[in-house]
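Participant: Mind having a look at this structure? Questions to follow.
The values are calculated or read from the model by the stated rules, or taken from the named source; none is laboratory data. Predicted model only: the values in this text are computed from it and were never measured. Here Cβ is always computed from backbone atoms with ideal geometry, including for glycine, and neighbour counts include all displayed protein chains. For accessibility, only protein heavy atoms count, side chains too; no ligands or nucleic acids. Shrake-Rupley method; radii C 1.70, N 1.55, O 1.52, S 1.80 Å.
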Amino acid sequence: MKILVLAPTFLPVVGGAELMLLEVYRGLARRHDVRLLTPVLPELLHRDHGSSEYDALVTFPVERYEDHVTLMRLRGHRWTAGALPPFSLSAVAAVRRAVAAARPDVLNVHYAMPTGLAGVVAEHRLGVPTVLTMNGRDVPGPGVPALWRWWQRALIALVTDATYVSGYCRDAIYGRGRGRGEVIANGVEIPPPPGDGAAVRAALEVPRGDCLVFALQRLAPEKRVDVVLHALRRCLDGGTAVTLVVGGTGPEAPALRALAADLGVDKHVRFAGYIPRDVLGGYFEACDVFALHSTYETFGLVVAQAMSYGRPVVTVHSTALPEVVGDCGVLVPPRDPAALGDALSALAQDPARRRALGEAGRRRAAALYAWDRVAARYEAALARAAETRRAG
């Protein structure tokens, strides 16, 4: 197949959606002609969240367009609850040019906003079957304009097919158990990349006997890492020896460092910053428990990564996280540092339960989230869509 992919974000920005695009399409590029369209990155985004370490893994052409004409820049999306059309006209023009040049068999559009309209134009004006993949923060959830659900339903109805990175995504748009399209989860490397956990613990000067809790996420408001710091305070007050390692960068970093000092837990916290891919495995190997407190996850790739390393997960009963973890971790109410701290303390004091949950998570990740399996399911969905044009 000749596959055209449109996404509003891609490497060198590193996040779950960008890594999914990389892994799925470098897999499919072994058998198909893949081309990816994405906007030129704003300099601020490139500086704060970009990394060149994945560049050598990209095995397909990436074409960038200037996103100068986009309705997303209009004021009023929030106060109109999303009634304003949230689409990029530059994306539409870029798809027109790419279709004329490459004549793809199928288009895979990621995110409804701002790129979904380009998929509808491709489907109905350019004759290219389109699969719309719902995998981002435009899916209904905290802080998302309520009427975007209407736009999403309209877009999905106007393309050949749709996929969702979690059942949560589909349910959020249509209601539980409803809606067209299939769920294709994100993935992780199976087996996971090796790492030297002992070296990481030594480099971070983690005291012998401490339970190392690893929290990896962008340091952004919706991740609520402040709750994890308060949970650490509760662990320490209860007599549990814990060292918390916080990985990631973001706008909340200064406030989180200040909060750690205010809570008197700064000596028990290591802010690791951005963790390069070639050493990340060591952090997962080093930890005894992985913790993620986030108010909005359409999948939660870091949770699946921790599971692939056989590490028990403590996370919150929110958005897609329970679906990813299944019964292989501990779920607590969101924004409840006492419950989170008590769950971490309980696991810190119970090595047998940590091992049992970790092994269950390892099996679940291998069965559901291997990238080869995920890529094969995308391949099948795109092939079905491409076939509709041949059949027509």
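Participant: When you scan segment 246-317 for helices (runs of 4 or more DSSP H) that lie fully inside it, which ones turn up with 3 or more residues that are farther than 20 Å from ARG354 by Cα? Working first, answer last.
Facilitator: Details: elements: 253-263, 277-286, 301-308.
Fully inside segment 246-317 and qualifying: 253-263, 277-286.
Participant: Go through segment 10-50 and report how many residues are open to solvent by 20 Å² or more (accessible area, probe 1.4 Å) and among the hydroxyl-bearing types (Ser, Thr, Tyr).
Facilitator: Number of matching residues: 0.
Participant: Sort out which residues of segment 258-268 are open to solvent by 60 Å² or more (accessible area, probe 1.4 Å) and touching a strand residue (DSSP E or B) at 6+ places or on another chain (Cβ under 6 Å), and write them in order of number.
Facilitator: Listed by number, the list holds a single entry, HIS268.
Participant: May I pose another question? Might you check whether a residue that is part of a helix (DSSP H, G or I), aliphatic (A, V, I, L, M) and open to solvent by 40 Å² or more (accessible area, probe 1.4 Å) occurs anywhere in segment 355-365? Steps first, answer last, please.
Facilitator: Our first condition is that a residue be part of a helix (DSSP H, G or I); within segment 355-365, this holds for 355-365.
The next check asks that each one be aliphatic (A, V, I, L, M); those that pass are 356-357, 360, 365.
If we keep only those that are open to solvent by 40 Å² or more (accessible area, probe 1.4 Å) too, we end up with 356.
Yes, because at least one residue in segment 355-365 is part of a helix (DSSP H, G or I), aliphatic (A, V, I, L, M) and open to solvent by 40 Å² or more (accessible area, probe 1.4 Å).
Participant: Hey, could you check segment 159-187 for residues that are farther than 18 Å from VAL324 by Cβ and out of contact with any Pro (no Cβ under 9 Å at 6 or more places or on another chain) and say which is most open to solvent (accessible area, probe 1.4 Å)?
Facilitator: Here is the first cut: in segment 159-187, the residues farther than 18 Å from VAL324 by Cβ are 159-162, 173-175, 177-181.
If we keep only those that are out of contact with any Pro (no Cβ under 9 Å at 6 or more places or on another chain) as well, we get 162, 174-175, 177-181.
Details: ALA162: 0, TYR174: 34, GLY175: 23, GLY177: 77, ARG178: 143, GLY179: 41, ARG180: 87, GLY181: 25 Å².
Per the criteria, the residue is ARG178.
Participant: Something else: Pick from segment 60-79 the residues that are touching a strand residue (DSSP E or B) at 6+ places or on another chain (Cβ under 8 Å) and farther than 19 Å from TYR25 by Cα: which of them is surrounded by the fewest Cβ atoms within 10 Å (Cβ to Cβ)? Lay out the reasoning, then the answer.
Facilitator: We begin by selecting, within segment 60-79, every residue touching a strand residue (DSSP E or B) at 6+ places or on another chain (Cβ under 8 Å); these are 60-67, 69-72.
Checking which are farther than 19 Å from TYR25 by Cα leaves us with 65-67, 69-72.
Details: TYR65: 18, GLU66: 10, ASP67: 21, VAL69: 13, THR70: 18, LEU71: 15, MET72: 14.
Here the residue is GLU66.
Participant: Of the residues ALA360, ALA375, ALA380, ALA338, which single one is of a type in the set (A, V, I, L, M, F, W, C), within 30 Å of LEU21 (Cβ to Cβ) and touching a residue at least 60 places away in the same chain (Cβ under 8 Å)? I'd like the intermediate steps shown before the answer.
Facilitator: Numbers: ALA360 fails: touching a residue at least 60 places away in the same chain (Cβ under 8 Å); ALA380 fails: touching a residue at least 60 places away in the same chain (Cβ under 8 Å); ALA338 fails: within 30 Å of LEU21 (Cβ to Cβ).
Just a single option satisfies the conditions, and that option is ALA375.
Participant: Select from segment 184-237 the residues that are among the basic types (Lys, Arg), within 25 Å of the chain's Cα centre (by Cα) and part of a loop (DSSP other than H, G, I, E, B) and list them in ascending order. It would help to see each step written out before you state the result.
Facilitator: First, the residues of segment 184-237 that are among the basic types (Lys, Arg): 201, 208, 218, 223-224, 233-234.
Still in the running and within 25 Å of the chain's Cα centre (by Cα): 218, 223-224.
Answer for segment 184-237, where residues must be among the basic types (Lys, Arg), within 25 Å of the chain's Cα centre (by Cα) and part of a loop (DSSP other than H, G, I, E, B): ARG218, ARG224.
Participant: Pairs under 9 Å by beta carbon, first residue within 17 Å of TRP151 (Cβ to Cβ) in segment 67-90, partner basic (Lys, Arg) and modelled with pLDDT of 90 or more, six or more apart or different chains?
Facilitator: If the second residue must be basic (Lys, Arg) and modelled with pLDDT of 90 or more, the pairs left are GLY82/ARG149.
Participant: Quick one: how many residues across segment 80-112 are of a type in the set (A, V, I, L, M), touching a helix residue (DSSP H, G or I) at 6+ places or on another chain (Cβ under 6 Å) and open to solvent by 10 Å² or more (accessible area, probe 1.4 Å)? Spell out how you get there, then give the answer.
Facilitator: In the first step, residues of segment 80-112 are kept if they are of a type in the set (A, V, I, L, M); the result is 81, 83-84, 89, 91-95, 98-102, 106-107, 109, 112.
Still in the list and also touching a helix residue (DSSP H, G or I) at 6+ places or on another chain (Cβ under 6 Å): 91-92, 95, 106-107, 109, 112.
With the extra rule that they be open to solvent by 10 Å² or more (accessible area, probe 1.4 Å), the set shrinks to 92.
Residues flagged as of a type in the set (A, V, I, L, M), touching a helix residue (DSSP H, G or I) at 6+ places or on another chain (Cβ under 6 Å) and open to solvent by 10 Å² or more (accessible area, probe 1.4 Å) within segment 80-112 amount to 1.
Participant: If you check LEU45 against the conditions, is it of a type in the set (A, V, I, L, M, F, W, C) and either farther than 30 Å from GLU387 by Cα or part of a loop (DSSP other than H, G, I, E, B) (or both)? Give the steps one after another, and end with the answer.
Facilitator: On the way: of a type in the set (A, V, I, L, M, F, W, C): yes; either farther than 30 Å from GLU387 by Cα or part of a loop (DSSP other than H, G, I, E, B) (or both): yes.
It is true that LEU45 is of a type in the set (A, V, I, L, M, F, W, C) and either farther than 30 Å from GLU387 by Cα or part of a loop (DSSP other than H, G, I, E, B) (or both).
Participant: Which one of VAL242, VAL225 is β-branched (Val, Ile, Thr), within 26 Å of PRO12 (Cα to Cα) and surrounded by 17 or more Cβ atoms within 10 Å (Cβ to Cβ)? Walk me through it before giving the result.
Facilitator: Details: VAL242 fails: within 26 Å of PRO12 (Cα to Cα).
Just a single option satisfies the conditions, and that option is VAL225.
Participant: While we're looking at this one, here's another question. I'm trying to understand the selection: among the residues of segment 283-297, which are of a type outside the set (Asp, Glu) and either open to solvent by 20 Å² or more (accessible area, probe 1.4 Å) or on the phi > 0 side of the Ramachandran plot (or both)? Show your work before the answer.
Facilitator: So in segment 283-297, the residues of a type outside the set (Asp, Glu) come out as 283-284, 286-287, 289-296.
Matches in segment 283-297: TYR283 only.
Participant: From VAL165, VAL99, VAL109, VAL120, grab the single residue that is out of contact with any Ser or Thr (no Cβ under 8 Å at 6 or more places or on another chain) and touching a residue at least 24 places away in the same chain (Cβ under 8 Å).
Facilitator: Numbers: VAL165 fails: out of contact with any Ser or Thr (no Cβ under 8 Å at 6 or more places or on another chain); VAL109 fails: out of contact with any Ser or Thr (no Cβ under 8 Å at 6 or more places or on another chain); VAL120 fails: out of contact with any Ser or Thr (no Cβ under 8 Å at 6 or more places or on another chain).
Within the list VAL165, VAL99, VAL109, VAL120, the selection yields VAL99.
Participant: Of all residues in segment 331-353, which are closer than 19 Å to GLU285 by Cα and open to solvent by less than 40 Å² (accessible area, probe 1.4 Å)? Spell out how you get there, then give the answer.
Facilitator: Initial filter on segment 331-353 (closer than 19 Å to GLU285 by Cα): 344, 347-353.
If the condition is that a residue be closer than 19 Å to GLU285 by Cα and open to solvent by less than 40 Å² (accessible area, probe 1.4 Å), then LEU344, LEU347, ALA348 are the ones that fit.
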